[in-house]
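The values are calculated or read from the model by the stated rules, or taken from the named source; none is laboratory data. Remember, predicted model here, so these are calculated numbers, not experimental data. Cβ sites come from the backbone with ideal geometry, for glycine too, and all protein chains shown count toward neighbours.
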Amino acid sequence: MIFSIQRYIEDYFERRNLTDVDQYAVRLANAYGNSPQQATEKKILQAFHRIRTVFYRNNPHLNRNELESTLLRLLRTRFKKKAQMEKFPGGVTTERRMFRRQSRLTVRSIIRSFARAVEARGIDTFWESRKKNKLRKQPERVGQALFAIFTKGVLGDNGHGLVLREVSSGVGFIDIAIVLCKTPHIIEMKLVRGHFSGVSQLLTYMRTENRRIGWLVYFDARPAIKRKRIPVSFTVPSGKVNVIGIDINPDAPSQKSRS
């Protein structure tokens, strides 16, 4: 839900030719999407107004109170049955505590923690029926949403980082970008059932965004007996692509014991 809200606000800004250089749309979406169901209009507008942004400096013809009131009216009309932000299966309390104890956050540690969490309690999210080998519709988007929800959950609202989904880059859209210490990290997500792909697409985004390191995360839906090894990294002309796989189709323990 929260990412639908984000895209709606971004489209609204684009239609009005408004400049948003510091993800004001993202912060508005978070403020609205995370507000209690019973929150009054006054409370939500107060949350909007607490957002620190250069948006109005870059669009000086706007009146902030008027725009935020208009946005709230549009959001309440468009998202009448607004739900709280989706939760990661089983929550992220354990992971959030772990990251709070760490002196330094890294993209690698976040992705690896996400991989472990998915393999432990999020596999069924991807499948309509594993027994029938039937995935849900758009499983890559399911993975993107799970990762964004997980990352926002472990980072919290303490300013340690920012997670963005479907960020425009050139003529395409980066699946996920994590901003840590003001540095953006590009992440492409793919589902693997047969042919492995994504390196060339990620390389294009790396060139566009002038990044020397990119991250390719793949959800491995292949049966274990049909898997071929995928390299953990690729050296590319502009730098390096790190690859992390997540097993969403493991053998059941009973099957392993019989093998």
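Look at ARG112 and say whether it is under 16 Å from the mean Cα position of the chain (by Cα), modelled with pLDDT of 85 or more, outside the structural domain of ARG27 (by TED's automatic domain parsing) and charged (D, E, K, R).
Details: under 16 Å from the mean Cα position of the chain (by Cα): yes; modelled with pLDDT of 85 or more: yes; outside the structural domain of ARG27 (by TED's automatic domain parsing): yes; charged (D, E, K, R): yes.
For ARG112, the condition - under 16 Å from the mean Cα position of the chain (by Cα), modelled with pLDDT of 85 or more, outside the structural domain of ARG27 (by TED's automatic domain parsing) and charged (D, E, K, R) - is met.
Which condition breaks for TYR218 when tested against (1) part of a helix (DSSP H, G or I); (2) under 19 Å from ARG130 (Cα atoms)?
Only one criterion is unmet by TYR218, namely (1).
This table checks each residue for (1) touching a helix residue (DSSP H, G or I) at 6+ places or on another chain (Cβ under 6 Å); (2) surrounded by fewer than 13 Cβ atoms within 10 Å (Cβ to Cβ); (3) of a type in the set (Phe, Trp, Tyr).
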site: ASP175; (1), (2), (3): yes, no, no
site: VAL179; (1), (2), (3): no, no, no
site: GLY194; (1), (2), (3): no, yes, no
site: GLY198; (1), (2), (3): no, no, no
site: GLY214; (1), (2), (3): yes, no, no
site: ARG222; (1), (2), (3): no, no, no
site: VAL236; (1), (2), (3): yes, no, no
site: ILE248; (1), (2), (3): yes, no, no
site: ASP251; (1), (2), (3): yes, no, no
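Looking at this structure, is GLY161 assigned by TED's automatic domain parsing to the domain that holds ASP247 and over 20 Å from LEU28 (Cβ atoms)?
Values: assigned by TED's automatic domain parsing to the domain that holds ASP247: yes; over 20 Å from LEU28 (Cβ atoms): no.
When the stated conditions are applied, GLY161 does not pass them.
Can you confirm whether region 63-73 contains a residue that is in contact (Cβ under 8 Å) with a residue 60 or more places away in the chain, more than 27 Å from ILE187 (Cβ to Cβ), of a type outside the set (Phe, Trp, Tyr) and not assigned by TED's automatic domain parsing to the domain that holds ALA145? It would help to see each step written out before you state the result.
Here is the first cut: in region 63-73, the residues in contact (Cβ under 8 Å) with a residue 60 or more places away in the chain are 71.
Imposing the further condition that a residue be more than 27 Å from ILE187 (Cβ to Cβ) reduces the set to 71.
From what is left, the residues that are of a type outside the set (Phe, Trp, Tyr) are 71.
Now restrict to residues that are not assigned by TED's automatic domain parsing to the domain that holds ALA145: 71.
Yes: region 63-73 contains one or more residues that are in contact (Cβ under 8 Å) with a residue 60 or more places away in the chain, more than 27 Å from ILE187 (Cβ to Cβ), of a type outside the set (Phe, Trp, Tyr) and not assigned by TED's automatic domain parsing to the domain that holds ALA145.
Is it the case that some residue within region 21-28 is touching a residue at least 24 places away in the same chain (Cβ under 8 Å) and among the basic types (Lys, Arg)?
So in region 21-28, the residues touching a residue at least 24 places away in the same chain (Cβ under 8 Å) come out as 21-24, 26-28.
Remaining after also requiring among the basic types (Lys, Arg): 27.
Yes; the residues of region 21-28 include at least one that is touching a residue at least 24 places away in the same chain (Cβ under 8 Å) and among the basic types (Lys, Arg).
Suppose the filter is aromatic (Phe, Trp, Tyr), modelled with pLDDT of 90 or more, assigned to a strand (DSSP E or B) and within 19 Å of the chain's Cα centre (by Cα); does PHE173 pass it? Steps first, please.
Working: aromatic (Phe, Trp, Tyr): yes; modelled with pLDDT of 90 or more: no; assigned to a strand (DSSP E or B): yes; within 19 Å of the chain's Cα centre (by Cα): yes.
Judged against the criteria, PHE173 is not a match.
Any residue at all in region 192-209 that's among the β-branched types (Val, Ile, Thr) and touching a residue at least 60 places away in the same chain (Cβ under 8 Å)? Give the derivation first.
Quick first cut of region 192-209, residues among the β-branched types (Val, Ile, Thr) only: 192, 199, 204, 208.
Remaining after also requiring touching a residue at least 60 places away in the same chain (Cβ under 8 Å): none.
Checking region 192-209: not a single residue is among the β-branched types (Val, Ile, Thr) and touching a residue at least 60 places away in the same chain (Cβ under 8 Å).
Look at region 176-204 and say how many of its residues are closer than 15 Å to ILE110 by Cβ and part of a loop (DSSP other than H, G, I, E, B).
Looking only at that region, the number is 1.
Can you tell which of GLU41, GLU10 is under 13 Å from LEU75 (Cα atoms), outside the structural domain of ILE174 (by TED's automatic domain parsing) and without any contact (Cβ under 8 Å) to a residue 24 or more places away in the chain? Give the derivation first.
On the way: GLU41 fails: without any contact (Cβ under 8 Å) to a residue 24 or more places away in the chain.
Every option except GLU10 fails the conditions.
What number of residues within region 218-233 are without any contact (Cβ under 8 Å) to a residue 40 or more places away in the chain and aromatic (Phe, Trp, Tyr)?
The total comes to 1.
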